[in-house]
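Here's the structure, in C-alpha cells; my notes come after.
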Protein chains: 4
Amino acid sequence: MAFTYTRTVRFQDTDAAGVVYFANVLTMCHEAYEASLAVSGFDLKVFFSNSTTAFPIVHTSVDFFRPLFCGDSLSISLTPQKLQSDSFEIAYEISVGEKMAAKALTRHVCIDGKSRKRQELSMEMGLWLQQWGEQITET
Amino acid sequence: MAFTYTRTVRFQDTDAAGVVYFANVLTMCHEAYEASLAVSGFDLKVFFSNSTTAFPIVHTSVDFFRPLFCGDSLSISLTPQKLQSDSFEIAYEISVGEKMAAKALTRHVCIDGKSRKRQELSMEMGLWLQQWGEQITET
Amino acid sequence: MAFTYTRTVRFQDTDAAGVVYFANVLTMCHEAYEASLAVSGFDLKVFFSNSTTAFPIVHTSVDFFRPLFCGDSLSISLTPQKLQSDSFEIAYEISVGEKMAAKALTRHVCIDGKSRKRQELSMEMGLWLQQWGEQITET
Amino acid sequence: MAFTYTRTVRFQDTDAAGVVYFANVLTMCHEAYEASLAVSGFDLKVFFSNSTTAFPIVHTSVDFFRPLFCGDSLSISLTPQKLQSDSFEIAYEISVGEKMAAKALTRHVCIDGKSRKRQELSMEMGLWLQQWGEQITET
C-alpha cells in the first residue's frame, strides 16, 4: 500500500522561469519519505542525525512530464522496495489532479554513521518497507 | 484574529550544525503568508507572477530564541497590519509547543509589476488585512 | 573540451547529517551549466526568463560516491552532447581533489516558452554544444 | 578593512517573480561570512560542526532597495564588529555595480555547542574581528 503525501507548491520552490526549479522536485519527494517515516513512528530528529545508523542516497533519478506552478496542490505517492539486505529504493509519483507531473526514484544504503560501512537494515526499517511497500503475494 | 499555520521541520531545512538554517525561518514565515492568502481566496499562481500588482518585501527581521530540529512541529502565527495606503507589515511568531522559538517581521509595499512604481493596496488586500489583522476597536 | 567549474561547499548546502543534502548536488551542477553559458556569451537573465525559447530539464540522475562537507573545494566538469535536433544532455563529474564524489546527468529539450511546443536548438546553443562538447573526429 | 565577496546570482536563487527570493539574500551574506573565515585560515568543516564552540545567529535584518536578477554580479562587503565579550555583529552591503541593492545584519553569540551556554569569543575570532572590522583609532 503506497504512502500518499500532499503538498502545496510554494513561491520558494519556483524559479525565474515561473515554475518549480527541477531539483526541488527531489526535495518534495524526500519530504514524502520523511512523512512516511513519521507516520510509521520514527523520531525524525533521531533518524536523521543518528550516528549509529544512516541511510544515505546513492542514486536518484527524475523524469519530468509537466511544469509545476506556485499554488499547485501535489499528491506524491511513495512506494519503497527492499533491494538487498542493506539497501532499498523508493519510487515516487507526483501528480496534480489526475495528471502525472513527474516520476522519481531514490536508492538508499544502510551504513554505520561513524565508520560509514554498510550494515543490514534494522528491523524497524524492515517494518516500514512492509507497511508501505508493494504486496508480494506468493502462489 | 491571527492566522495560524502548522509546519513540520524537514531535513532540507537543517544544516550541518543539526538545526534549522537561519534564513529558512523566513521561508517558513513566507509559507504561512502564502497559506493565509490561499485561505482568503487568492490564486497563488496569479498572485506571485502578476505583472499588474506585486508586493515585494522591503524590510525583514528575525529574532531567534531557540534552535529548531528536524521533525519539530511548528506553529506559525501571522498578524498583518496596514502601514500606509501602499504598504503593510506582517508579524510572525514561531513556536514549538508552548515555547516561542522565533519572532519575525516582513514589510511589503504594493507596486505595479511592470513600472515598479508604488500604488495603493487593492481592495482584496484590504480585506485580507482586515480578516487576519488585529481588531482595532473604536471607543 | 569539457568546461570546469569550481565551487566551495557552503553551510547552506549541508543538512543535519553533516554533509551536502543530496538534491543540492544537482543545484551545483546547474550552477556549472549557468557558468558555461555565461563564458560562452549568453546573458543569463534573458536566457532563463526568455518566453521565446526555453530548455527545460526532462530527465536527471545522480550517482553519489562519497559525502561532501562544508568547505570542500569541488571541481565540476561538464560535457554537453547533442541528442536530436531539439534536445541535448549534459554529463557532470563532481570531484574533490583526485576523488570522484558524484556523477550526474541532465537532459534538456528546446521549447517555445509560450506554447511549450518543441523546437529546434538555436544556432547559439549549437555553438555552445560544439565549444564544450566532446570532439567527434571523422575518419 | 571590510572583506569583499563577489557572487553571481544563479537561477536557483530566483523565484517566479523573476528576481532573487528575499530570504536568499541572507544566504548570500552568510556565504560572504564563510569566505571571510576561510581567508582568515579557519577550517569551515570544523568551524560549522564543532561541538565545543558555535556562533548561532540570534538576530538578523535586511533592507531591500532594488531587485536582483539571474546573472547579476554582486559585490558583498562585510564588516564585523565586536559587541560584548561573547557576541559580535556583521554588517553587509550588497551592490550591483555602483548601485546598492540591499543592506543586511547578522548578530551572533558564542556558545558551547553542547551545553549551549554562552562563552567568551576565542582568540581566533578576536583576530578575525580585528582583521575585517572597522579600525577604531584612539585619539
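Nothing in this text is a laboratory measurement; each read-out follows from the coordinates by a stated rule. Please read these numbers as outputs of a predicted model, since none were measured by experiment. As a convention, Cβ positions derive from the backbone with ideal geometry for all residues, glycine included, and neighbour counts pool all protein chains shown.
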Practice item. With springs connecting C-alpha atoms under 10 Å apart, model chain D as a Gaussian network and identify which of D:106, D:53, D:14 has the largest mean-square fluctuation. Key: D:14
Check your understanding: Applying the Karplus parametrisation 6.51 cos²θ - 1.76 cosθ + 1.60 with θ = phi - 60° to the phi angles of the range A:84-94, what ³J(HN,Hα) value in whole Hz is obtained for each residue in order, glycine and proline being reported as x?
Key -> 9, 5, 10, 8, 8, 10, 10, 9, 10, 10, 10
Practice item. Among the trypsin sites (Lys or Arg not before Pro) in the range C:20-127, which ones are in a DSSP loop with at most 13 other Cβ atoms within 10 Å of the Cβ? Mind listing them? Key: C:114, C:116, C:117
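Sequence gap at least 6, Cα distance under 8 Å: using those rules, report the relative contact order of chain B to the nearest whole percent.
Numbers: 251 pairs, mean separation 41.1, N = 139.
Here the relative contact order equals 30 percent.
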Point to revise | Exercise: per-residue mean of other protein chain Cβ atoms within 10 Å, C:100-106 | key: 1
Point to revise | In degrees, nearest ten, helix C:24-39 long axis to first principal axis of chain C (Cα) | key: 50
Exercise for review: Send over the per residue convex hull volume for chain A, Cα only, as a whole number of Å³.
Suggested key: 126
Point to revise | Bins of 5 Å, starting at 0 and running to the largest distance - Cα pair percent for the range A:11-77 | key: 3, 13, 22, 21, 16, 14, 8, 3, 0
Point to revise | Max mean-square fluctuation residue, GNM over chain A, Cα-Cα springs under 10 Å, options A:67, A:56, A:80 | key: A:67
**Study point:** Sorted largest first, extent of the protein assembly as shown alpha carbons per principal axis (Å)
**Key:** 76, 54, 52
Revision key, fill the gap. Per-residue ellipticity at 222 nm attributable to helices in chain B (runs of n ≥ 4 DSSP H, -39500 (n - 2.57) apiece, nearest 500 deg cm²/dmol) works out to -6500 deg cm²/dmol
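How much length is gained if the chain between residue D:131 and residue D:75 is pulled fully straight, taking 0.36 nm per residue apart and subtracting their Cα-Cα distance, in nm to one decimal? Working shown, then result.
Working: separation 56, 0.36 × 56 = 20.16 nm, distance 1.91 nm.
Result: 18.3 nm gained on full extension.
Over chain C, how many pairs of lysines fall under 25 Å by alpha carbon, counting only those 8 or more apart in sequence or from different chains? Working shown, then result.
On the way: C:45/C:82; C:45/C:114; C:45/C:117; C:82/C:103; C:82/C:114; C:82/C:117.
Lysine pairs meeting the criterion: 6.
Under the definition of partner shielding as Cβ atoms of other protein chains within 10 Å of a residue Cβ, what is the mean value for peptide B:63-71? Could you put the intermediate results ahead of the total?
Values: counts 6, 7, 1, 2, 3, 0, 6, 11, 12.
So the per-residue partner count for this stretch is 5.
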Check your understanding: Hey, got a sec? Which chymotrypsin sites (Phe, Trp or Tyr not before Pro) in the range A:1-107 land in a DSSP loop and have at most 13 other Cβ atoms within 10 Å?
Key -> A:65
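Under 13 Å from the Cβ of residue D:104, count the other residues' Cβ atoms, weight Lys and Arg +1, Asp and Glu -1, and hand me the total.
Numbers: positive: D:103, D:107; negative: D:31, D:63, D:89, D:93.
Summing Lys/Arg as +1 and Asp/Glu as -1 gives -2.
Find how much the distance from residue B:66 to residue B:6 grows on full extension, using 0.36 nm per residue of separation minus their present alpha carbon separation; answer in nm with one decimal.
On the way: separation 60, 0.36 × 60 = 21.60 nm, distance 1.76 nm.
The span from residue B:66 to residue B:6 would gain 19.8 nm if fully extended.
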**Study point:** Acute angle (nearest 10 degrees) that the helix A:123-132 long axis makes with the longest principal axis of chain A, alpha-carbon atoms
**Key:** 40
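Counting Lys and Arg as +1 and Asp and Glu as -1, what is the net charge of the other residues whose Cβ lies under 13 Å from the Cβ of residue D:120? Intermediate results must be reported in sequence, preceding the final value.
Details: positive: D:82, D:117, D:118; negative: D:86, D:112, D:124.
Net charge around residue D:120: 0.
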